[in-house]
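Worksheet: the structure to be examined is printed underneath.
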Amino acid sequence: MSDAHSAAHRARLPIAGIAFTLAALAFAALAYSGLGPRPKARAWWEPSAVLERALGDTSLAPVVQETPLALGVFGAAAVGLAAAVFATTRSALARWLAVSAALATLSFVFYALEARFVWSFFRWRWSLTLLLVALAAGAAATAPLLAASWLRLGWRARVAIYLPLFLAVLALERNVTGTDQSLRFALSPWPFVQIFGVEVVAACLGALALGVGLGLAAAARGEGGAASWALGALLAAGLPAAALALAEYRDLLPFRAGVRVAGLLAALGVAVFALAATLGSARRSERLAGRALAFAVGGALVVAPIALGQVLARLDYVETRERRAQAIIDALAQHRAKVDAYPDELSELVASGELERVPSPRIGFPGLADQDEFVYQNFGESYLLEFSAPRWIQCAYNPPYAEDDADVEGAVDEPVEPGEAREDVPGGDRDETDGGDGLDEGAWSCPSKPPELW
């Protein structure tokens, strides 16, 4: 191939890369609009089910009606377009969009055929939820590519690009919960983006990339010796598995990972390490070092805001549940002991001297959450004290209910045993709690640590 011909070929590649990237995005939009449920009052951007209606009475109907076949056909086309993008451009942004488009396509197909009610019920919220999950998972999957491009920028450009993303993930981790509309990043009645897109997929892929980066660095320092390759593979497998085990031990996971999930993540780490270390001219120590830096930085950039956000959310929850709510519970018990009744409003606790002021729950970042008060309801012989927290729809406390022996002949109060669930508080796990000075015992609808969601 002549030099002129080679130059012309290289000039055509960026154009082809842009074209394939746009095609991948257009195909995802086609799957979204063509298969998604058509609402009665449809906005222009909502699904129209045009493909399903057009092919429903033809021989191609199974492609838009049978989930395995639809996932196979649409998935193969989406992956093919993503592969074409990788082959025709080195742009990290284009590759991220291509991977995200493939993931979005699979999500749209699955929910259109298997969970249409969910999509129909939440409408634009579910559309945005699926899109954000695909973008988050795509960013984590292509983190080394994005990091390599990011590292070529100056420091000011790096900060300008990463800081908004860091703060957005941090806010998502600390401010999202259930159906509480005062927490503005809650797109659906369950924190789907936070749990699946960020804490499960992105965090695992980030830890994997970090482990692979350290493994490649070890291989580069050992200049290709057998011992350095073995150490590299060990780091690539061990770091993500260890990170998963640590997160499970600290109750940061919404599920119980177990040995099987950790083993799968470790095996994937070894596979990615082997590919990154051997593809192209990567055996050269300089190329290995460059790839090591890209993987390590990419993984760190993904994991950092997720880990910090979970820590801050946990601190918020402990402060609210164990200190601020408990101060109110103690004051309510003291008030009942003095006047034989619970107050109608929490402000009465200040007037009667049980509290200097009514504390507010600590929920997320100031300015991003409208709710700044505990929800209190007086039921006469009992009450309900509630606040919102990440992963919970609402965290509620009830005091023990004791019947008066004089009112019910033969009634015998049965104390609640420690660790036993109360039957009069609906929903959730129960933790027995003491009022601090022994004045009160009751039941929480949420445990002292985040529950496992599956």
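The values are calculated or read from the model by the stated rules, or taken from the named source; none is laboratory data. The shown structure was predicted, so the numbers you read here are calculated from the model rather than taken from an experiment. Counting neighbours? That spans all protein chains shown, and the Cβs are built from the backbone with ideal geometry, glycine included. Calculation scope for accessible area: heavy atoms of the full protein, side chains included, ligands and nucleic acids excluded. Shrake-Rupley method; radii C 1.70, N 1.55, O 1.52, S 1.80 Å.
Quick notes
- None of Ala219, Ala207, Ala157 is in contact with a helix residue (DSSP H, G or I) (Cβ under 6 Å, 6 or more places away or on another chain) and at pLDDT 90 or above except Ala207.
- Test for Leu132: is it open to solvent by 40 Å² or more (accessible area, probe 1.4 Å), farther than 23 Å from Pro68 by Cβ and at pLDDT 95 or above: no
- Counting only residues that are touching a Leu at 6+ places or on another chain (Cβ under 6 Å) and surrounded by 20 or more Cβ atoms within 10 Å (Cβ to Cβ), segment 119-129 holds 1 of them.
- Considering residues of segment 56-79 that are outside any loop (DSSP other than H, G, I, E, B) and β-branched (Val, Ile, Thr) only, the residue most open to solvent (accessible area, probe 1.4 Å): Val79
- Of residues in segment 227-242 being in contact with a Leu (Cβ under 9 Å, 6 or more places away or on another chain) and open to solvent by 40 Å² or more (accessible area, probe 1.4 Å), the one nearest to Ala202 (Cα to Cα): Leu239
- Total residues in segment 80-92 satisfying the condition of being at pLDDT below 95, assigned to a helix (DSSP H, G or I) and surrounded by fewer than 16 Cβ atoms within 10 Å (Cβ to Cβ): the figure is 1.
- Here Val198 fits the description: at pLDDT below 90 and touching a helix residue (DSSP H, G or I) at 6+ places or on another chain (Cβ under 7 Å).
A quick yes/no check of all residues on (1) basic (Lys, Arg); (2) touching a Lys or Arg at 6+ places or on another chain (Cβ under 6 Å):
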residue: Tyr317; (1), (2): no, no
residue: Arg323; (1), (2): yes, no
residue: His335; (1), (2): no, no
residue: Lys338; (1), (2): yes, no
residue: Arg357; (1), (2): yes, no
residue: Ser360; (1), (2): no, no
residue: Gly364; (1), (2): no, yes
residue: Val375; (1), (2): no, no
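- With respect to being open to solvent by 40 Å² or more (accessible area, probe 1.4 Å) and part of a loop (DSSP other than H, G, I, E, B), Arg38 fits the description.
- Identity of the residue in segment 245-266, more than 26 Å from Val318 (Cα to Cα) and open to solvent by 100 Å² or more (accessible area, probe 1.4 Å), that ends up modelled with the highest pLDDT: Leu264
- Within segment 353-364, residues that are hydroxyl-bearing (Ser, Thr, Tyr) sit with their Cβ atoms under 9 Å from residues that are open to solvent by 20 Å² or more (accessible area, probe 1.4 Å), at 6+ positions apart or across chains, in these pairs: Ser360/Arg324; Ser360/Gln371; Ser360/Asp372; Ser360/Glu373.
- Looking only at segment 135-176, and only at residues there that are β-branched (Val, Ile, Thr) and out of contact with any Pro (no Cβ under 7 Å at 6 or more places or on another chain), the one that is surrounded by the most Cβ atoms within 10 Å (Cβ to Cβ): Thr142
- Residues satisfying the stated conditions in segment 112-149, i.e. free of Cβ contacts under 8 Å to residues at least 60 places away in the same chain and farther than 15 Å from Gly197 by Cα: Glu114, Ala115, Phe117, Val118, Phe121, Ser149
- Qualifying positions in segment 211-226 - without any contact (Cβ under 8 Å) to a residue 12 or more places away in the chain and either within 19 Å of Leu301 (Cα to Cα) or surrounded by fewer than 14 Cβ atoms within 10 Å (Cβ to Cβ) (or both): Gly225, Ala226
- Number of residues in segment 127-178 that are under 15 Å from Pro191 (Cα atoms) and aromatic (Phe, Trp, Tyr) equals 0.
- Test for Phe117: is it in a helix (DSSP H, G or I) and in contact with a Lys or Arg (Cβ under 8 Å, 6 or more places away or on another chain): no
- Looking only at segment 96-118, and only at residues there that are buried (at least 23 other Cβ atoms within 10 Å of the Cβ) and not aliphatic (A, V, I, L, M), the one that is nearest to the chain's Cα centre (by Cα): Ser100
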